């Protein structure tokens, strides 16, 4: 029976068993992230968290994911990506169980850090393995299906998370992760054949990993502490450490990140910068709107989740088609159009007010979802198609790093604006004006960033001849 299932999981150019595993992984982590965002006000009430502490519930996960993604991607190249993927799903599942028993904000944030480490092990390997076993002519289709699963996770997160929070409490969100994680582990053990250790025998750059992780930690702490002096100091230290890391990587025989690829491969460099800016200008949308809908508009978590689900549902509908389209049309053209549509949506969000129609907000979210669909799959296809097969692990890890750095940057900007406008105080109904100002400023900043991203998306060059 097992042999029959394995043999049946094949279609021309794509390993269906590998695609199913990648799809499940693609669903799990964004589902958790978006579901937690909708539960943030409830979590804040239970643990009496101020605005900055609350933002760390999301930021701790992102920080750990970003700090460990590249190191674990490299470890996977050396010792086998299947081992790292399996370990990541196990760690993510166990930490989700730990979240259920969190009795304090410190325990909560600590388990979120551990969960982020598990997510980093998943991020850096799933796409690389999928790309390795898929023929180039079907790569955009496979990556489009994978991206669709990510957006389905984002879609289900707010809606299911809102329902679970209302009916069973916020801890039930993490309970859902456990059976999904167990299912993925079983699929990996039974159906994922191979290790894909393309850099077997090479040395791991431990010094680079420590400096890289320290730089990201300092930058994130700096964003959360600005405008205090300590915040500027931490931010400056993080930038210095990042510059030191880049300098050392140029001289390392077996670097953690092949910095030279950014210098010699224009498509790779510009596509990654476009991804960084895209996630940097959009990730905090859900964070801001979750606070807006529940604190300013008075919706409960389930109602807010139903509204926010508009964006990822549209993404899920169009992502697979956009990925397949990028197998025939130059990815840069499609993703640049997507970035332009996102910019229009962000400008519209910067004019939100307490009286904005809910229908109009959902229209804006639908526009953003369509833009995301056109950008993400083709941009991923461009990055993975711009490098040789032996660099798939590095390319996948770099793309994942850009995504997480962008998400960190987005939350960092949001935290900084909240720190300046709202301050380190508990969020209450009488903070409506301050929250509204912070949100409007945030969306204006993100709009400018997105317009800059259009430039990098357009000038990257081609990966194929039309």
Can you find a residue that is within 16 Å of residue 413 (Cα to Cα), crowded, with 20+ Cβ neighbours inside 10 Å and not assigned by TED's automatic domain parsing to the domain that holds residue 423 anywhere in the stretch 238-247? yes
Identify the residue in the stretch 334-384 that is without any contact (Cβ under 8 Å) to a residue 24 or more places away in the chain and assigned to a helix (DSSP H, G or I) and, among all such residues, is farthest from residue 309 (Cα to Cα). 348
Which numbered condition residue 310 fails, given (1) free of Cβ contacts under 8 Å to residues at least 60 places away in the same chain; (2) over 22 Å from the mean Cα position of the chain (by Cα): (2)
Read through the list (1) farther than 30 Å from residue 237 by Cα; (2) surrounded by 21 or more Cβ atoms within 10 Å (Cβ to Cβ), then give the number of the only condition that residue 183 fails. (2)
Test residue 271 against the criterion of being in contact with a helix residue (DSSP H, G or I) (Cβ under 6 Å, 6 or more places away or on another chain) and within 21 Å of residue 351 (Cβ to Cβ), and give yes or no. no
From the list 301, 227, which one is within 29 Å of residue 443 (Cα to Cα), surrounded by 19 or more Cβ atoms within 10 Å (Cβ to Cβ) and at pLDDT below 80? 301
Is at least one residue of the stretch 105-120 under 14 Å from the mean Cα position of the chain (by Cα), within 24 Å of residue 252 (Cβ to Cβ), crowded, with 23+ Cβ neighbours inside 10 Å and at pLDDT below 90? yes
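Conditions tested, residue by residue: (1) within 30 Å of residue 299 (Cβ to Cβ); (2) in a helix (DSSP H, G or I).
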residue: 88; (1), (2): no, yes
residue: 99; (1), (2): yes, yes
residue: 103; (1), (2): yes, no
residue: 106; (1), (2): yes, yes
residue: 121; (1), (2): no, yes
residue: 131; (1), (2): no, yes
residue: 152; (1), (2): yes, yes
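Condition check ((1) on the phi > 0 side of the Ramachandran plot; (2) out of contact with any strand residue (DSSP E or B) (no Cβ under 8 Å at 6 or more places or on another chain); (3) assigned to a loop (DSSP other than H, G, I, E, B); (4) assigned by TED's automatic domain parsing to the domain that holds residue 333) across all residues:
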position: 185; (1), (2), (3), (4): no, yes, no, yes
position: 188; (1), (2), (3), (4): no, yes, no, yes
position: 200; (1), (2), (3), (4): no, yes, yes, no
position: 209; (1), (2), (3), (4): no, yes, no, no
position: 215; (1), (2), (3), (4): no, yes, no, no
position: 275; (1), (2), (3), (4): no, yes, no, yes
position: 286; (1), (2), (3), (4): no, yes, no, yes
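The values are calculated or read from the model by the stated rules, or taken from the named source; none is laboratory data. All figures in this text were calculated on a predicted structure; none of them were measured in a lab. Methodologically, a virtual Cβ is constructed for each residue, glycine included, from the backbone with ideal geometry; neighbour enumeration extends over all protein chains shown.
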